[in-house]
Every structure is written in C-alpha cells, then in structure tokens.
Amino acid sequence: MKTERYIKLGLQTALISFLLGTFIFGLYFLSSSFELLFVGYGFIVLTGLINIGILISILLKAIKDIDNRKRLMTTCGIMLLNIPVMLFYCWVAIILLDTMRITFTNSTQTTLTNINIVGCGGGHIDKLEIGQSETVWVDITGDCSISVNYFSNGLQKEELVAGYLSGGMGQKLEHNISGHN
C-alpha cells in the first residue's frame, strides 16, 4: 500500500472513531441510558483494536519509508489524540453514574418557595413559579434516598423523590411536585 493510502486510512479512522464515540457519549449524556454504557464500552474495545492495528501498520510503514516518516508519524499522533478524548468521556460517564439529574416541575397551583432537596448530596431551589421547571444535580453519596420539602401557601410540605439510591445508580429523572402528601 502506498504512503498516501496509509495516511488517508489513519486520518479517516481517527475521524470516524472520534465522531462515533462523541455521538454515543452525547446520547448517553442526554439520556443516562445504561444500555448506552455497554454500547460505549463495546465501542471502545472494538475501535481500540481497530485503531491499534492501523496504528501499528502505519508505524511499520514509517520505519521503512524514511522520506515520508514525518507525515506518517504525524498521522499516528492524530490517531492517538482520541485517547485523551476517550478518557475524558469515561471520566464524565463515571461522574454521571454517581449523580442524579432531577428536573423538578411545579405542578401545583401556587408558587413554591424554599425548596430543599434532602438526602444524598442535597440541593436547593429558591422558588418555582406555577409550571416552572429547574434541574438540580444531586451527588449520590453512598446508600441514600432523596425527598423534597418546600413551602406552598405558607405550609411546609414534603414528597419522596427516590426511595433508594446507591453509587452507580445515577440517572436523569423528572419529578412533578404535586403538593399532595
């Protein structure tokens, strides 16, 4: 195979790996679907093997082709840039596994104030108008549950949001604050 084909193959592999990996990560970030974690891990293994094979073939070509060695090594460097990207995506996914992203929506007919997310890492929302929503990121700090207490028409109320959580159970959740106890 000619040098130009090695370079083209390496660059295409790097670009396709980056785009597909970013797409899978983006879907996971938006959905928190556990199935996408397995797809992502499988993708890392499969593309890792493919990239290693192509990288080795480019390195072997670079050893033989002294005239084009710099261009071939640059292609290898570009391919290797996907490694820190993959590590960053894995790091963020691990953080998301220990985080509940809860969107609270005021489904009552009154303005809610002093909204406290109790349990796990907790959180706070000053005020939610009727129909308004706000997302709170709550750290899962071991075995815990999450409830919300708030004031509605001067009365304090409380609702359960998630009964049992543990590390690795992070997800996106929508909770309608109903005002019914």
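Residues in the stretch 68-95 that are in contact (Cβ under 8 Å) with a residue 40 or more places away in the chain, polar (S, T, N, Q) and under 17 Å from Thr13 (Cβ atoms): how many?
2
Select from the stretch 80-128 the residues that are part of a strand (DSSP E or B) and among the hydroxyl-bearing types (Ser, Thr, Tyr) and list them in ascending order.
Residues satisfying the conditions are Thr99, Thr103, Thr105, Thr113.
Quickly run through the stretch 65-103 and pick out the residues that are closer than 25 Å to Thr141 by Cβ and either in contact with a strand residue (DSSP E or B) (Cβ under 7 Å, 6 or more places away or on another chain) or of a type in the set (S, T, N, Q) (or both).
If the condition is that a residue be closer than 25 Å to Thr141 by Cβ and either in contact with a strand residue (DSSP E or B) (Cβ under 7 Å, 6 or more places away or on another chain) or of a type in the set (S, T, N, Q) (or both), then Asp98, Thr99, Met100, Arg101, Ile102, Thr103 are the ones that fit.
I need the full set of residues from the stretch 129-151 which are part of a strand (DSSP E or B) and either among the acidic types (Asp, Glu) or surrounded by 18 or more Cβ atoms within 10 Å (Cβ to Cβ) (or both), in order please.
Glu134, Val136, Val138, Asp139, Cys144, Ile146, Val148, Tyr150
Given Gly154, Gly119, Gly123, which one is over 30 Å from Val45 (Cβ atoms), surrounded by fewer than 16 Cβ atoms within 10 Å (Cβ to Cβ) and outside the structural domain of Phe25 (by TED's automatic domain parsing)?
Matching residue, one of Gly154, Gly119, Gly123: Gly154.
Out of Leu46, Leu30, report the one residue that is in a helix (DSSP H, G or I), assigned by TED's automatic domain parsing to the domain that holds Val85, more than 14 Å from Cys90 (Cα to Cα) and modelled with pLDDT under 95.
So the residue among Leu46, Leu30 that is in a helix (DSSP H, G or I), assigned by TED's automatic domain parsing to the domain that holds Val85, more than 14 Å from Cys90 (Cα to Cα) and modelled with pLDDT under 95 is Leu30.
The values are calculated or read from the model by the stated rules, or taken from the named source; none is laboratory data. Predicted model only: the values in this text are computed from it and were never measured. So basically every Cβ, Gly included, is an ideal-geometry build from the backbone, and we count neighbours across all protein chains shown.
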